[in-house]
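The values are calculated or read from the model by the stated rules, or taken from the named source; none is laboratory data. A quick note: this is a predicted structure, and the numbers were derived from the prediction, not measured. Don't worry about glycine lacking a Cβ; one is built from the backbone with ideal geometry, like all the others, and counts go over all protein chains shown.
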Amino acid sequence: MKRNWRNLTATILTVILGCVLFYVGTDGFRAYTAESARTYKLLKEKPEFPNVTLEDSKGRVYSFSELKGKNIMLTFIYTACSDVCPKLEMNLAEVYQQIPATYIGKDLLFLSISFDPARDDVETLEKYRKAFGSDGDTWRMARIADQNELNELLEEFGVIVIPDGEGGFTHNSAFYLVNKKGYLEEVMDFTKIDEAVNTVINLLENEVEE
Amino acid sequence: MKQAILGIILYGILCIPPLTNYMESIMIVHMLIQLPLLILVGWLIGKPILRKFQHFFANWNTNGVPGIILFIFITMYWMLPRAIDEAVSEWYIELFKFIGLPIIGLCIRDSWSKIQTLGRSFIFLNYLPMFGLMAWLYIDSPIQICNNYLESQQKVLGWGFLVITIWMVLYVIQAVFTDQSDHNTKKSTGT
C-alpha cells in the first residue's frame, strides 16, 4: 500500500510535467510550428526596425529612419525566386490596389526588401518593380547592400533563409507592418489578402481618429 | 554491462558535433534516426542503472504507468514540427533533446516489462494513428512546415512515417491472425 502512493504521486507528477512541457513548448497551445511561434514572438515583442541602409530601384540610397512618420507595409523577397516571392508580391499588389488611394504615399508606404543584394542590383530591382506594377515611390523595391545590416535585420525579424540547392532560397514569408514610430505593428498571413487589407485600413483609421 | 558500454559509445558518437550537424541537416535522419537512437541510448544504458536503483523504480514506477506517461508526452512533444525546427536553431531545445530522450529510453525499459498486455496494445495502437497522421501531414502539406527544412525534405519524412505506419499495421494484422495458441491456450478452448 505504501508503494502505491509513491506510484500515484509519480503518475500525477508526470502528467503535470507533460502538460507543462506542452504548454511551454507551444507558447500556451498557440504555436505548433516554428513559424507561428516566430509570429507570436514578434507580435509580443514588437521590435524596432533596425536602421538599415536601403538602395532602391531608382538608385536612391537612404537609411530606413528617413521613412519614419509613415506606416510601412513590408515584404522580404529576392527577384530570382520563382515560387513564393511572385505570389507574395502579387498579393501585395492586390493589397496595394485595395487600400484607399488617400492613404497611400501619405500615411502608408509599401516596401519590398531583397535579401539577395549580390544579384538584385538597381537594374534588376527596376525590372522586378515594373513586373508588379509598382510605381517605385509609394511602393519601393530596395536591397540592403551591407550584408551585416541585412543579417541583423533578418535575425531580428526571424526571417530564416535557406539555400534550396538549386541556386535559390527558401524562406518564411509574410506581410509586415511597421508603424510610424518605426516599430513592428503587425505580421500578416500573405495568403489572406482581404484580412490584411482590413487590418491595415483599421490601423490607418484609428490613427486618423487619434 | 556490455549494453551500457555500447550505449555510452553510441551516445558519444551521436554527440560528435560534425555528425550531429550532418544528421540534423537532413530532416528524415534527424527525426527518424537521431531521435530513436537517443532513446535507444537510454534503453541500453538503462540496464545497470535500473539494477542499481531497483528500489527507487520499484517504489516510484511500481506499475510502469508514470514511466509510460513520461515516454508518451516527450515523444509526442518531438512530433511537433516546431520541436525539431527549434532543436536546430535553439541550443536549449537541443540540450533538452540530448537529455530528455535518453531518460525516456530508460523509462520505457523499466515500464514496458511492468505494464500489462492491454497497456502495451493501447500504447501501440496510440502511436499507429499518430504516425499515420504525421505521414499525411508531411506528405500532403502544400506549405513548408519547418523553417529550417525544405518542402521536399518534408515529403521524404512523410513517406518515412508512412512506411513505419504500414509496417505497424502489418504487425498488428499478423499478431491478430497468426496462431497464438501457445501464449493463451485457455482462451482458444472456447469456440
Exercise for the section: Scan the stretch B:124-158 residue by residue and report those that are within 14 Å of chain A (Cβ to nearest Cβ) and of a type in the set (D, E, K, R). Expected result: B:GLU151, B:LYS155
Practice task
Go through (1) within 23 Å of A:ALA34 (Cβ to Cβ); (2) within 14 Å of chain A (Cβ to nearest Cβ); (3) under 17 Å from the mean Cα position of the chain (by Cα) one by one and return the number of the condition B:GLY64 breaks.
Solution key: (1)
Handout entry: Boolean, B:ASN59 is surrounded by fewer than 19 Cβ atoms within 10 Å (Cβ to Cβ), outside any helix (DSSP H, G or I) and within 11 Å of another protein chain (Cβ to nearest Cβ)
Key = no
Practice task
Consider B:ALA83 carefully, then state whether it is part of a helix (DSSP H, G or I) and within 12 Å of another protein chain (Cβ to nearest Cβ).
Solution key: yes
Exercise for the section: Looking only at the stretch B:17-25, decide whether some residue is outside any loop (DSSP other than H, G, I, E, B), of a type in the set (D, E, K, R) and in contact (Cβ under 8 Å) with a residue 60 or more places away in the chain. Expected result: yes
Handout entry: Failed criterion for B:CYS15 (all others in (1) within 14 Å of chain A (Cβ to nearest Cβ); (2) closer than 28 Å to B:GLN154 by Cα hold)
Key = (1)
Practice task
Check off (1) over 26 Å from B:PHE161 (Cα atoms); (2) surrounded by fewer than 19 Cβ atoms within 10 Å (Cβ to Cβ) for B:GLY64 and give me the number that stays unchecked.
Solution key: (2)
Problem - Condition met for A:GLU149 (among the acidic types (Asp, Glu), surrounded by 17 or more Cβ atoms within 10 Å (Cβ to Cβ) and either within 17 Å of A:VAL159 (Cβ to Cβ) or at pLDDT 90 or above (or both)) - result: yes
Practice task
Considering each of A:TYR103, A:TYR96, A:TYR62, A:TYR40 in turn, give the residue that is in contact with a helix residue (DSSP H, G or I) (Cβ under 8 Å, 6 or more places away or on another chain) and of a type outside the set (A, V, I, L, M, F, W, C).
Solution key: A:TYR103
Problem - Elements of type strands (runs of 3 or more DSSP E) contained in the stretch A:1-97, each with 3 or more residues being in contact with a His (Cβ under 9 Å, 6 or more places away or on another chain), modelled with pLDDT under 85 and crowded, with 20+ Cβ neighbours inside 10 Å - result: none
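Tell me, please, whether a residue that is buried (at least 22 other Cβ atoms within 10 Å of the Cβ), of a type in the set (Val, Ile, Thr) and out of contact with any Ser or Thr (no Cβ under 6 Å at 6 or more places or on another chain) can be found in the stretch B:117-124. First the steps, then the outcome.
Start the filter on the stretch B:117-124 by keeping residues that are buried (at least 22 other Cβ atoms within 10 Å of the Cβ), which leaves none.
The answer is no, given that none of the residues of the stretch B:117-124 is buried (at least 22 other Cβ atoms within 10 Å of the Cβ), of a type in the set (Val, Ile, Thr) and out of contact with any Ser or Thr (no Cβ under 6 Å at 6 or more places or on another chain).
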Problem - Residue identified as of a type outside the set (Val, Ile, Thr), more than 10 Å from chain A (Cβ to nearest Cβ) and touching a helix residue (DSSP H, G or I) at 6+ places or on another chain (Cβ under 8 Å) among B:LEU37, B:LEU70 - result: B:LEU37
Exercise for the section: Report, ordered by the first and then the second residue, all pairs with beta carbons closer than 7 Å, sequence separation of six or more or different chains, a first member in the stretch A:153-175 that is part of a loop (DSSP other than H, G, I, E, B), and a second member that is modelled with pLDDT under 70 and among the hydroxyl-bearing types (Ser, Thr, Tyr). Expected result: A:ASP164/A:THR170
Completion exercise
Of the residues in the stretch A:1-57 that are at positive phi and in contact (Cβ under 8 Å) with a residue 12 or more places away in the chain, the one that is nearest to the other protein chains (Cβ to nearest Cβ) is A:ASP27
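The rows are residues; the columns are (1) assigned by TED's automatic domain parsing to the domain that holds A:PRO47; (2) touching a Pro at 6+ places or on another chain (Cβ under 6 Å); (3) small (Gly, Ala, Ser).
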{"position": "A:PHE132", "(1), (2), (3)": "yes, no, no"}
{"position": "A:ALA142", "(1), (2), (3)": "yes, no, yes"}
{"position": "A:GLU156", "(1), (2), (3)": "yes, yes, no"}
{"position": "A:LEU177", "(1), (2), (3)": "yes, no, no"}
{"position": "A:LEU184", "(1), (2), (3)": "yes, yes, no"}
{"position": "A:LEU204", "(1), (2), (3)": "yes, no, no"}
Handout entry: Condition check for A:SER36: within 23 Å of the chain's Cα centre (by Cα) and assigned by TED's automatic domain parsing to the domain that holds A:ASP121
Key = no
Handout entry: Flag if B:ILE99 is more than 9 Å from chain A (Cβ to nearest Cβ) and either over 18 Å from A:VAL20 (Cβ atoms) or of a type in the set (A, V, I, L, M, F, W, C) (or both)
Key = yes
Problem - Condition check for A:TYR62: of a type in the set (Ser, Thr, Tyr), in the same structural domain as A:VAL178 (by TED's automatic domain parsing) and touching a residue at least 12 places away in the same chain (Cβ under 8 Å) - result: no
